[in-house]
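Enquirer: One structure, pasted below without further comment.
The numbers here are math on the coordinates, done by the rules we state, and not lab data. For clarity, every value in this text was computed on a predicted model and none was experimentally measured. Note: ideal-geometry Cβ built from the backbone for every residue, glycine included; neighbour counts use all protein chains shown.
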Ligand code: MN
């Protein structure tokens, strides 16, 4: 199943370029007075909503996907976890460019662990990326994004994929420079997630997916997730050994070689095999 949020927070099922409105499923999430949330309530409720969503989708009139504005397929993640330097070819390009990357920034994930991006940076593909520091270099990074489906802590790699709600394309947009990653990668709109959430049954092995990113029609990044230094099950196990993972938490799994600058007016096209493709405008 492919699920998207679109327009004014409508929920849709995506099938062959068409959207079927299943927003009535959201009415089944219990309403309540203000309470601090531990998780994204929609992702947490998804297993219990699945049957209703499939039934509503079969009754809905199709809407062409190009006629809607796609939002992030997870509305309220509490954590955006990200993997630094998780492809060797990206480490090599960073090491070869000391003017852009400090020595510390070229260290591999095995040495430096994970980092967090601010959830407030999250956008869907229709919202676009707004360059926040025009006097600084801002780069694209395409990454397989993993959305956690159920609470877990200290899971083994063998159990890890049981806790996945689905996958999406992530763009870990980054200001280059000496500051902390958490600041350089958390500007508004610097965490793109889209075009929709694809459930694990449609993706299969997350460790053999082609990914590609183009800027203005020119290929910049082309890789396969088999080259991840720490693969998806091991990343979930690692993250869950440091923090409890909650439904809706997103793990950006790291970017391969080919990162490069983007500027206002550019258009990014990003695709991942078995997930889909999306276009993002830069302003
Ligand atoms: Mn990254």
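Enquirer: For region 210-262, report the translational diffusion coefficient in µm²/s to the nearest whole number, using Stokes-Einstein at 10 °C, 1.306 mPa s, and a Kirkwood Rh over Cα pairs.
Expert: Numbers: Rh = 13.0 Å.
After rounding, the answer is 122 µm²/s.
Enquirer: Moving to a separate point now. What list do you get for 4, 152 if you sort them by fewest beta carbons within 10 Å? If you can, show how the numbers build up before the last one.
Expert: Values: 4 24, 152 21.
Lowest count first: 152, 4.
Enquirer: Enter the angle in degrees (range 0 to 90, nearest 10) between the Cα long axis of helix 41-59 and the first principal axis of the Cα atoms of the chain, meaning the one along which they spread out most.
Expert: 60
Enquirer: With 10 angstrom as the radius, rank 267, 262, 275 by how many other C-beta atoms surround their C-beta, starting from the fewest.
Expert: The fewest-first ordering by Cβ neighbours comes to 267, 262, 275.
Enquirer: Using only the Cα atoms of region 1-41, each taken as one equal point scatterer with no solvent, compute I(q) by the Debye sum, divide by I(0), and report log10 of the ratio at q = 0.14, 0.27, 0.34 Å⁻¹.
Expert: -0.41, -0.98, -1.17
Enquirer: Taking N as the number of residues in region 8-136, what value does Rg over Cα atoms divided by 2.2 N^0.38 Å take?
Expert: 1.44
Enquirer: To the nearest 0.05, what FRET efficiency results for residue 188 and residue 263 with a Förster distance of 22 Å applied to their C-beta separation? Walk me through the numbers on the way to the answer.
Expert: Details: r = 17 Å, r/R0 = 0.78.
E(calc), rounded to 0.05, equals 0.80.
Enquirer: Could you work out the equivalent-ellipsoid semi-axes for region 162-283, taking the square root of 5 times each eigenvalue of the Cα gyration tensor, largest first, in whole Å? Don't jump to the answer; show the numbers that get you there.
Expert: Working: eigenvalues 111, 68, 37 Å².
For region 162-283, the ellipsoid semi-axes come out as 24, 18, 14 Å.
Enquirer: Give the Rg/Rh ratio for region 44-117, taking Rg as the radius of gyration of the Cα atoms and Rh as the Kirkwood radius, to two decimals.
Expert: Numbers: Rg = 20.7 Å, Rh = 16.7 Å.
Over the Cα atoms of region 44-117, Rg/Rh equals 1.24.
Enquirer: Using the basic label-point model (7 angstrom from Cα toward the beta carbon), what is the residue 36 to residue 9 distance in nanometres?
Expert: For residue 36 paired with residue 9, the spin-label model returns 2.2 nm.
Enquirer: Springs between alpha-carbon pairs under 10 angstrom, Gaussian network model over the chain: which of 95, 218, 18 fluctuates most?
Expert: In this elastic network of the chain, the residue with the biggest mean-square fluctuation among 95, 218, 18 is 218.
Enquirer: Within a 10 angstrom radius of the beta carbon, how do 78, 220, 15 rank from fewest other beta carbons to most?
Expert: Details: 78 17, 220 20, 15 13.
Listed from fewest to most nearby Cβ atoms, that is 15, 78, 220.
Enquirer: If you take the C-alpha gyration tensor of the chain, multiply each eigenvalue by 5 and take the square root, what semi-axes do you get, largest first, in whole Å? Can you show the working numbers first?
Expert: Details: eigenvalues 173, 93, 59 Å².
Value: 29, 22, 17 Å, ordered largest first.
Enquirer: Once label points are set 7 Å from the Cα along Cα→Cβ at both residue 226 and residue 100, what is their separation, rounded to one decimal in nm?
Expert: 2.7
Enquirer: Provide the percentage of antiparallel DSSP beta bridges, counting only those with both residues in the chain; round to the nearest 5. Each step should come with its number before you reach the end.
Expert: Values: 55 of 61 bridges.
So the antiparallel bridges in the chain amount to around 90 percent.
Enquirer: Okay, moving on. Which stretch or stretches of region 192-212 have amide N atoms under 12 Å from the point lying 7 Å from residue 66's Cα along the Cα→Cβ direction?
Expert: none
Enquirer: Counting residues in region 72-195 as N, plug N into 2.2 N^0.38 Å and put the Cα Rg over that result.
Expert: Details: Rg = 15.0 Å, N = 124, 2.2 N^0.38 = 13.7 Å.
Compared with the compact-globule rule of thumb, region 72-195 sits at 1.09.
Enquirer: While we're here: Consider a paramagnetic label point 7 Å from the Cα of residue 234 along Cα→Cβ; state which residues of region 103-132 have an amide N under 12 Å from it.
Expert: 109-111
Enquirer: Can you work out the base-10 log of I(q)/I(0) for region 139-192 at q = 0.19 1/Å, using the Debye formula on its C-alpha atoms alone?
Expert: Debye intensities relative to I(0), on a log10 scale: -0.77.
Enquirer: Now, a different point. Per 0.36 nm of contour for each residue apart, how much would the distance between residue 156 and residue 18 grow if the chain were fully extended, relative to their Cα-Cα spacing? Mind dumping the intermediate values first?
Expert: Working: separation 138, 0.36 × 138 = 49.68 nm, distance 3.76 nm.
Gain in length upon complete extension: 45.9 nm.
Enquirer: How far, in nm, would the chain grow between residue 28 and residue 274 when pulled straight, counting 0.36 nm per residue and subtracting the alpha carbon separation?
Expert: On the way: separation 246, 0.36 × 246 = 88.56 nm, distance 2.94 nm.
My answer for the length gained is 85.6 nm.
Enquirer: State the Kirkwood hydrodynamic radius of region 30-87 in Å, one decimal place, computed from all pairs of distinct Cα atoms.
Expert: On the way: mean 1/r = 0.0666 Å⁻¹.
One decimal place: 15.0 Å for the Kirkwood radius.
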